[in-house]
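J.: Here it is: the structure, laid out below.
The values are calculated or read from the model by the stated rules, or taken from the named source; none is laboratory data. What you see is a predicted model, and the numbers here were worked out from it, not measured in a lab. Cβ atoms come from the backbone with ideal geometry, glycine included; neighbour counts cover every protein chain shown.
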Amino acid sequence: MTDTNAIVAQRVDSGTPATDEIRALATAAGYTIVEEVTQVRAEDPGTHLGSGKVEQLAARVTETGAEVVIVDGELTPSQSHGLQESLPDGTRVHDRYRLVLDVFGDQAGTRRAQLQVELARLRYDLPRMRETADAGWFNKRAEKGSPLYDAEDRIDRLETKLDDLPDPAEEFRKRRREEGFDLVTIAGYTNAGKSTLLHRLADELTLADTEPDHADRDATATIENRLFETLETTTRRATLDGRPVLLTDTVGFVADLPHWLVESFSATLSEAAAADRVVLVADASDPPDELREKLRVSLDVLDAQDVPREAIVTALNKIDLLDAEEREERLAAAADVAPSPLPISVQEGTNLDRLVGRIEDGLPTERTTVAMANVDEAMSVVSWLYDHANVADVSYGAAGDRVTVAFAARPSVVERARAKAAAVGGVDD
Ligand SMILES: Nc1nc2c(ncn2[C@@H]2O[C@H](COP(=O)(O)OP(=O)(O)OP(=O)(O)O)[C@@H](O)[C@H]2O)c(=O)[nH]1
Ligand SMILES: [Mg+2]
């Protein structure tokens, strides 16, 4: 964490400036905010803020001794440069994306996350380096040892390194999948309640939790630190209506997250692609337009990962914060972009049974029967099936010498049931 004084600057086209979110982000990145400067006007192509406002900002930087100016928005490389030139020497200018990268950087706990953040930073810095490079320097960019060459070279090497780096969590999931577990991934914007949902569902564990809780953060974290709380995927075992699944929590998306940044965290997104079901969690307490937009972006990201739409269950969380009219309004807004969104409150447990039902609906099942000789051991197979499958019917044939069980279960359970039946004298049906 840095301990640096910063001024927050925000420009809005119209309406009223609101700096809560950018302040929370800046604080999470370790900055002490000593001042804020806001403006309502059209964007200035050269310096983002209007020239009068930039002068005022420069004066405030001098008076407060702030080292950094944080602009709540995306600055083009030339705007960054233009703004920097207008501020006292040595003032650093960060935009919203740079800040997000700082927060990610501070919280990156594993080697993989650190490399991903470094890669994202370089992808962000590269066009800005090109912008500030003088012509002579720019022309030499192909030469080894020049900053641009080094940055491009490092990007290439980081991409290769990340491809080659074994991911223990991925290995774990792969193994479990081979053992026949269904995979359910929880995705969505930061702060939507994904981790809360994971814990809620995983709390209903009936089997021992086999994986260390590696990515859970300090429960005493301050409210500011809740943004991007999850930077590593966490997988827990959960039992949904008697069916064991692996539930994976993922890194939250952020508003206006540019694509290159999303791609830098594609390891987390590939979790979504590998899953049987994706629960897309949205914060229903966001204003309707924002809710709709966040869902749209989330669905785009999932589309880009080739997640089929049928595999997605959309949940509108935190409805405990809304009255009946607001709920209707949010549901209508969400339904514009995502089919049949389900209103839930993880905190109060509202509609979680319906959510579990919808998750289950899409999991692969096979309907079949096994038949066995009616011997004592056959009864233990029948009771095993009651524990692991959805048993529709048990019948004993006319002569009472055979047992036939009709059931539905995921393919791996079917396979195991067949093996068990064969071991106690299975007969062809
Ligand atoms: N009112 C209300 N708050 C909730 C509910 N579910 C979660 N929250 C709160 O929302 C905040 C964010 O929850 P998290 O579970 O950390 O969100 P997340 O989606 O994992 O966020 P990132 O890890 O940052 O992506 C926390 O303060 C939760 O207590 C809910 O149903 N109602
Ligand atoms: Mg989380």
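J.: Is there a residue in the range 3-26 that is touching a residue at least 40 places away in the same chain (Cβ under 8 Å), in contact with a strand residue (DSSP E or B) (Cβ under 8 Å, 6 or more places away or on another chain), surrounded by fewer than 16 Cβ atoms within 10 Å (Cβ to Cβ) and small (Gly, Ala, Ser)?
T.: Checked against the condition, which is being touching a residue at least 40 places away in the same chain (Cβ under 8 Å), in contact with a strand residue (DSSP E or B) (Cβ under 8 Å, 6 or more places away or on another chain), surrounded by fewer than 16 Cβ atoms within 10 Å (Cβ to Cβ) and small (Gly, Ala, Ser), the range 3-26 yields no hits at all.
J.: Checking the structure you have, find out if any residue of the range 103-112 is over 30 Å from Val413 (Cα atoms) and modelled with pLDDT of 85 or more.
T.: Looking through the range 103-112, none of the residues is over 30 Å from Val413 (Cα atoms) and modelled with pLDDT of 85 or more.
J.: Right, here's the next one. Given the options Glu74, Glu85, name the one that is surrounded by fewer than 16 Cβ atoms within 10 Å (Cβ to Cβ), part of a helix (DSSP H, G or I) and out of contact with any His (no Cβ under 7 Å at 6 or more places or on another chain).
T.: One residue alone meets the criteria, Glu85.
J.: I've got another one for you. Checking the conditions here, which among Glu348, Glu325, Glu377, Glu329 is more than 20 Å from Thr190 (Cβ to Cβ), assigned by TED's automatic domain parsing to the domain that holds Ala409 and of a type in the set (Asp, Glu)?
T.: Of Glu348, Glu325, Glu377, Glu329, the one residue that is more than 20 Å from Thr190 (Cβ to Cβ), assigned by TED's automatic domain parsing to the domain that holds Ala409 and of a type in the set (Asp, Glu) is Glu377.
J.: Could you please find all residues in the range 304-323 being assigned to a helix (DSSP H, G or I) and either farther than 13 Å from Val337 by Cα or within 16 Å of ligand 1 (Cβ to nearest atom) (or both)?
T.: Ala304, Glu310, Ala311, Ile319, Asp320, Leu321
J.: Do any residues in the range 390-402 that are assigned by TED's automatic domain parsing to the domain that holds Val414 have Cβ atoms under 6 Å from those of residues that are in a loop (DSSP other than H, G, I, E, B), where the two are at least six apart or on different chains, and which pairs are they?
T.: Asp401/Asn374; Arg402/Asn374; Arg402/Val427
J.: Criterion first (outside the structural domain of Thr190 (by TED's automatic domain parsing), of a type in the set (Gly, Ala, Ser) and more than 41 Å from the chain's Cα centre (by Cα)) does Ala417 satisfy it?
T.: Criteria not met by Ala417.
J.: Could you check, for the range 336-347, whether at least one of its residues is more than 15 Å from ligand 1 (Cβ to nearest atom), more than 17 Å from the chain's Cα centre (by Cα) and without any contact (Cβ under 8 Å) to a residue 40 or more places away in the chain?
T.: yes
J.: Name the pairs whose Cβ atoms lie under 7 Å apart, with the first residue in the range 318-329 and farther than 20 Å from Lys194 by Cβ and at pLDDT 95 or above, the second within 16 Å of ligand 2 (Cβ to nearest atom) and in a helix (DSSP H, G or I), and 6 or more positions between them or separate chains?
T.: Taking only residues 6 or more apart or on different chains, not a single pair turns up.
J.: Among the residues of the range 3-32, which ones are hydroxyl-bearing (Ser, Thr, Tyr) and not in a loop (DSSP other than H, G, I, E, B)?
T.: Result: Thr4, Thr27, Tyr31, Thr32.
J.: Related question: Just checking, how many residues over the range 303-317 are modelled with pLDDT under 95 and in contact with a Ser or Thr (Cβ under 8 Å, 6 or more places away or on another chain)?
T.: Qualifying residue count, the range 303-317: 1.
J.: Would you point out the residue of the range 70-109, among those that are touching a Pro at 6+ places or on another chain (Cβ under 9 Å) and in contact (Cβ under 8 Å) with a residue 60 or more places away in the chain, that is farthest from Asp44 (Cα to Cα)?
T.: Result: Tyr97.
J.: May I pose another question? Do we find a residue being more than 16 Å from ligand 2 (Cβ to nearest atom) and either within 19 Å of Pro244 (Cβ to Cβ) or at pLDDT 75 or above (or both) anywhere in the range 185-201?
T.: no
J.: For the range 348-384, enumerate the residues that are within 16 Å of ligand 1 (Cβ to nearest atom) and out of contact with any strand residue (DSSP E or B) (no Cβ under 7 Å at 6 or more places or on another chain).
T.: Glu348, Gly349, Thr350, Leu352, Asp353
J.: Right, Ala338: within 16 Å of ligand 2 (Cβ to nearest atom), closer than 21 Å to Asp276 by Cα and crowded, with 17+ Cβ neighbours inside 10 Å or not?
T.: no
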